[in-house]
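Some notes on the structure that comes next.
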Amino acid sequence: MEESIRALYPPSSRRRRRPPARRSSSSSSPSLPPPGRFTELLLEHGERHVGDWAAVASSSPSGGALGAAGNGAAASDPTRRMSSVDGRVRLCTKSVVFEPRCASRGIVRVAFADMYGPPSLVADGVGPSGGRGTVEIGAGRHAVIGENNVVGPYRQVREATEFRIAFRFSGPEAMVEACGGLMRGTGGGGGAVGVWG
């Protein structure tokens, strides 16, 4: 039997089989979204990322005391008039960050010190895609990072803005509770005067 195998497959004609080439993880599934732009390098020194959730954000100018002050350029700022922008909300140890899925929109960072108070739950029933609630954040100032996917200095928007974040697939309770604990621990919140009283 061995002689017949050697006759059919002589040693010189046997080829070694190579293992199949591995594909890179970026080409393995074209339906996945590109990796996010968020990194801890965008945060303050010593600030850490705590958690993140899929969300839809919207914003509007707030009628607080800081809303009337400022220049006309900030009044027309696109981050103050967002309408159902899909992305991820990220809770950090000193701020809340919203990273839009669309790379041309800037990442919005609201520091705890610039918030009127801790984020509050809004009883509005079921959010988009079956999510279970909305969080409201009022702030006298926020930073816009990496607009049009270009690295550059942060742009500070010093106008009172109210952000509404609708959670897509989970409830907002864990985020609100963790944010409240972080704000008490850092002494943040209540730094701006306005709608939270």
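Throughout, read-outs are computed from the coordinates displayed, never taken from laboratory work. Keep in mind that what you see is a predicted model, and the values were worked out from it rather than measured. Every residue, glycine among them, receives a Cβ derived from its backbone with ideal geometry; neighbour counts consider all protein chains shown.
Things to note:
- Relative packing of 45-51, 159-165, 77-83, which averages over residues the other C-beta atoms within 10 Å, highest first: 159-165, 77-83, 45-51
- For C92, the residues 5 or more places off, or on other chains, whose built amide H falls under 5 Å of its own are V50, V97.
- Amide H contacts of S170 (H built 1.01 Å from N, in plane; Pro and chain starts excluded): R132 sit under 5 Å, all sequence-distant by 5 or more or on other chains.
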